[in-house]
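K.L.:
Encoded as structure tokens, here's the structure I'll be asking about.
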């Protein structure tokens, strides 16, 4: 009988989650203006949802889909709304840190082999939506231009 040593998936997922949380807190605490923190909401939440997916998959063996919350991506605006989780986000046990002022819309599409998290916002109200995506292999990345909020 052999003893396995080393780091398992669960430990890695917990470590990644802790790092994302520390980075999120550091960005929130060091942002000089509320507009800047509003712009960081999308990538931070997308990465946080990604970490939750990896943790759930490590613990239970499946990824979880979540319908767009707190509103459909087509309805995002510069006005924040309160967080209203879909059933999938409840199953993931994920919610944003600030639940009363959510600017983005978040969705997860999962399959047996992976998942994709999408975050959408329109902070400046110009109709051009900022889109961030992440999956099981990569952190949040902007799908739109640098100056799209």
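The values are calculated or read from the model by the stated rules, or taken from the named source; none is laboratory data. All values derive from a computational prediction rather than experimental measurement. Glycine gets a Cβ as well: all are built from the backbone with ideal geometry, and neighbour counts include every protein chain shown.
K.L.:
Could you figure out which of (1) in contact with a helix residue (DSSP H, G or I) (Cβ under 9 Å, 6 or more places away or on another chain); (2) part of a loop (DSSP other than H, G, I, E, B) isn't true of residue 133?
P.N.:
Of the numbered conditions (1) in contact with a helix residue (DSSP H, G or I) (Cβ under 9 Å, 6 or more places away or on another chain); (2) part of a loop (DSSP other than H, G, I, E, B), the odd one out for residue 133 is (2).
K.L.:
If you check residue 26 against the conditions, is it at pLDDT below 95 and out of contact with any strand residue (DSSP E or B) (no Cβ under 8 Å at 6 or more places or on another chain)? Write out each step before concluding.
P.N.:
On the way: at pLDDT below 95: yes; out of contact with any strand residue (DSSP E or B) (no Cβ under 8 Å at 6 or more places or on another chain): yes.
Here the answer is yes, as residue 26 does meet what is asked.
K.L.:
Output the residues belonging to segment 92-128 that are surrounded by fewer than 20 Cβ atoms within 10 Å (Cβ to Cβ) and over 28 Å from residue 13 (Cα atoms).
P.N.:
124, 125, 126, 127, 128
K.L.:
Among the residues of segment 70-79, write down those that are free of Cβ contacts under 8 Å to residues at least 40 places away in the same chain and out of contact with any strand residue (DSSP E or B) (no Cβ under 6 Å at 6 or more places or on another chain). Outline the logic, then answer.
P.N.:
Filtering segment 70-79 down to residues free of Cβ contacts under 8 Å to residues at least 40 places away in the same chain leaves 70-72, 74-75, 79.
Matches in segment 70-79: 72, 74, 75, 79.
K.L.:
For segment 69-98, which residues satisfy the criterion of being in a strand (DSSP E or B) and either farther than 14 Å from residue 49 by Cα or modelled with pLDDT under 95 (or both)? Give the derivation first.
P.N.:
If we filter segment 69-98 for residues that are in a strand (DSSP E or B), which is where we start, we get 69, 81.
The one that is in a strand (DSSP E or B) and either farther than 14 Å from residue 49 by Cα or modelled with pLDDT under 95 (or both): 81.
K.L.:
Could you tell me whether segment 55-67 includes any residue that is farther than 18 Å from residue 140 by Cβ, free of Cβ contacts under 8 Å to residues at least 24 places away in the same chain and either in contact with a helix residue (DSSP H, G or I) (Cβ under 7 Å, 6 or more places away or on another chain) or surrounded by 15 or more Cβ atoms within 10 Å (Cβ to Cβ) (or both)?
P.N.:
no
K.L.:
Does segment 99-121 hold any residues that are part of a loop (DSSP other than H, G, I, E, B) and either free of Cβ contacts under 8 Å to residues at least 24 places away in the same chain or more than 18 Å from residue 140 (Cβ to Cβ) (or both), and which are they?
P.N.:
Let us first name the residues in segment 99-121 that are part of a loop (DSSP other than H, G, I, E, B), namely 99-101, 103-104, 111-114.
Listed by number, the residues that qualify are 99, 100, 101, 111, 112, 113.
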